[in-house]
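Inspection log for the structure reproduced underneath, given as structure tokens.
FYI, it's all coordinate maths here, none of it is from the lab. What you are looking at is a predicted structure, and each value in this text was computed from that prediction instead of being measured. Note: ideal-geometry Cβ built from the backbone for every residue, glycine included; neighbour counts use all protein chains shown.
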Amino acid sequence: MNKKTEHKKTGKTPKTADAQKVTIDRATRDMLLRAQALGVETIFDRAQNMKPCNIGSQGTCCKICGMGPCRLPLSKIDQDGEDNRKGLCGATANTIAARNFARMVAGGVAAHSDHGRNVAEIFLSAALKETSNYTIKDTIKLLAVARHLSVDTTVDVDGEKVDRDVDEIAVEVGEKALSEWGKASGELLYLKRAPETLYEKWQKNGVLPRNIDREIVDIMHRTHMGVDQDYVNITRQCTRAALADGWGGSMLATDLQDILFGTPYPLETQANLGILKEDHVNIIVHGHEPALSEMIVAVAQSEEMLSYAAQKGAKGIQLGGICCTANEILQRHGVPAAGGFLQQELVIVTGACDAMIVDVQCVFQNLANVAKCFHTKLITTNPIAKMEQNNVLHIEFDEHHALEDAQRIVKAAVDNFENRDAEVMIPQEKATQIAGFSVEAIEYHLGGTFRGSFYTLNDNIINGRIRGIAGLVGCNNARTKHNENHITIIKELIKNDVIVLSTGCNAIACATEGLLTPESAAAYCGPGLAEICETVGIPPVLHMGSCVDNSRLLLAATKVVEAGGLGNDICDLPLAGSAPEWMSEKAISIGHYFVSSGVYTVFGYGIPTSGAPVFHNHLSRDMAKIYGGMWDVEPDPVAHARKMIAHIDKKRQELGIDRARERVLMDMASRQALEA
Ligand code: NFS
């Protein structure tokens, strides 16, 4: 195995992770111990043997041209405090850090938005009836989206307005949506969904995205050697590109997925490695694209496949997800989540994973090495995401024969059931979760069918039962203790009556810790939030979906503004964002569109800007002056939550609703005065 090779090369025995110290989750700990006992290396061990580069993590290593890498550590600042650091071309620390940051934004926007483009292509293909595998599931949402894309939903017939044919609307929606990636002029159509004040700020600052692809290409051009050398100007383009993600590619992805696969409504399911079943064929879908996994869900439940599994000696087929593919099929079909980002290798270590199907993003290449130690079939499915290892099977997915692809994949998994060679060891841990809180579902829960709106939420924020709203997103990071920051921060927030909206691996962490049930309110919330959760029957943490569904958070915030009483803009709201254990470029893009939309956003693991303090201050203090939102970094989870609460309290004070929380203690004299 890997370990032996390393041993030969270095002469040193590689270190292994201390399972007690690297995670708060028992199932993860037990599987890590098993992996170590079997000599199977995982990311937890690799994190012990490779430390991050100090200069790179400060953001001041420039490898953009062939004369470098030029390294500008903070220690090279002159003793008198003067910053004369520069690369061979003269690029300053600010320029280098801003360029690196911008390229991370571009990477994140590209990942979310290219996913969005694929969805738009499948959508159009379904609308044109080129495939029978996908159909329009949510017509109400189709009509709502049509309006935002300036697609007519009625036609004039003899001077009268008549409803337009739904199929025709769908085709035009698909075409209009797709053109958002590359149209030659104008601006993204969804930007006007933001509060008017915010839209005007973007307009005034010249950051309205023109089309999605162009903003990514612009970043790659301007950060090429010898182009933009002004960190303020580079940051402005980061904003334009990030907005093209949050209010563009991601929002389109979410909307079109909802129309095609159904808008999520609350449902009950489970999370953690314990969802696997020893006597079932276990199929794990991992990555980010719901198009194929939707088909896998259908095939895995089909009579034909279930009886095929029975012939092979299995009692059934258990489907489970990892990362955001998990969140996608979980929120629409109740398929349980097997785990988050850091648990992907460990699912295979159970010895019970008959096939792992991966698409794009957040997939470890080391899965192939782990799969080699067990019977697991690792199947790649996307033409842009293959693996070099020879034990990986590639079954390319195409929406035109989606069902056949899914059948081949599920059959391969069932065939592999009888090949289990290692002893199966499935952890006991699995927790119940309620997921599926789309904006529409929240509206319904708060107001019912006829008066669905965010008024009730606003009322309860104004009267102080709910102190504020927090949006928690993002990954796990092998440099931090798995799930510890996510859970500590959330417990501190809900204890202080802050309701939490959650997505991505944060939501999976909350699910495994049992925070996504209405019952958790009584155990962990302050009295105000607990009362609301009990009355409405919701958990204190609302699972809003995958990472592209962070666009739901933007729309929820907009709905709160529209419901009134809490200011005119997102930056006026008692609202804060957080990515406690971020690691991906997508998280940087999300952070930047949150900030550019007016949200105070705290990251729990340092962002690569600390080596350029002037640029870092620009992201925090200056951004706040322009958009009302700012970046912040706080690794200590309790301090992290307190910073968010302090921001919420500041906003309550500015809105004049802070006094609602104060209890009036009356002495005898004032009582008598009242009675008189
Ligand atoms: Ni978001 Fe989803 Fe998880 Fe992070 Fe990766 S799965 S897209 S990037 S690790 S939350």
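When the square roots of the Cα gyration tensor eigenvalues are ordered a ≥ b ≥ c, the ratio a/c for region 431-655 is 1.5 or more and a/b does not exceed b/c, which makes its shape oblate. For region 313-369, what D do you get in µm² per second when you plug the Kirkwood radius from alpha-carbon pairs into Stokes-Einstein at 37 °C and 0.692 mPa s? Result for D is 272 µm²/s. The modelled label-to-label distance between residue 495 and residue 425, using points 7 Å beyond Cα along the C-beta direction, is 3.4 nm.
Between the amide H of residue 603 and those of 579, 632, 633, 634, distances stay under 5 Å, these residues lying 5 or more places away or on another chain, with hydrogens modeled in the peptide plane.
Would you mind checking the pairs 372/411; 430/481; 51/372; 141/204; 141/176 and listing those with alpha carbons more than 23 angstrom apart? Over 23 Å Cα-Cα: 51/372; 141/204.
If the chain linking residue 311 and residue 621 were pulled fully straight, counting 0.36 nm for each residue of separation and taking away their Cα-Cα distance, it would gain 105.2 nm. Does region 273-419 come out rounded, prolate or oblate, given a ≥ b ≥ c as the square roots of the eigenvalues of its C-alpha gyration tensor, rounded meaning a/c under 1.5 and, failing that, prolate meaning a/b above b/c? The shape class here is rounded.
Compared with the alpha-carbon gap, the fully stretched path from residue 53 to residue 129 is longer by 22.2 nm at 0.36 nm per residue. Distance between the 7 Å Cα→Cβ label points at residue 391 and residue 83: 4.8 nm.
Short to long, the 20 Å bins of the Cα pair-distance histogram for the chain hold 18, 51, 27, 3, 0 percent of all pairs. Each principal axis of region 72-199 carries a Cα extent, and these read 80, 37, 25 Å when sorted largest first.
Counting only the Cα atoms, region 399-547 fills a convex hull of 167 Å³ per residue. Computed from the C-beta positions of residue 646 and residue 166, the FRET efficiency with R₀ = 41 Å rounds to 0.25. Note on the chain: antiparallel DSSP beta bridges, both residues inside, total approximately 25 percent of the bridges counted. The residues packed around residue 483, meaning those with a beta-carbon under 10 Å from its beta-carbon, carry a net charge of -3 if Lys and Arg are +1 and Asp and Glu are -1.
Distances between placed amide hydrogens fall under 5 Å for residue 429 paired with 274, all partners being 5 or more residues away or on another chain. Calculate, for residue 46 and residue 400, the FRET efficiency according to 1/(1 + (r/R0)^6) with r their C-beta to C-beta distance and R0 35 Å; round to the nearest 0.05. Given R0 = 35 Å and the Cβ-Cβ separation, E is 0.35.
Backbone geometry of region 209-217 corresponds, through the Karplus equation with coefficients 6.51, -1.76 and 1.60 at θ = phi - 60°, to 3J(HN,Hα) couplings of x, 7, 8, 5, 4, 4, 5, 6, 4 Hz, x marking Gly and Pro.
Over 21 Å apart at the Cα level, from the set 137/183; 277/386; 277/312; 76/643, are 137/183; 277/386; 76/643. Each part reduced to its alpha carbon centroid, region 162-233 and region 322-339 end up 30 Å apart. For the chain, the relative contact order is 16 percent, taking Cα pairs closer than 8 Å that sit 6 or more residues apart in sequence and dividing their mean separation by the residue count. Bridge orientation summary for region 273-419: considering DSSP beta bridges with both residues in this region, about 5 percent are antiparallel.
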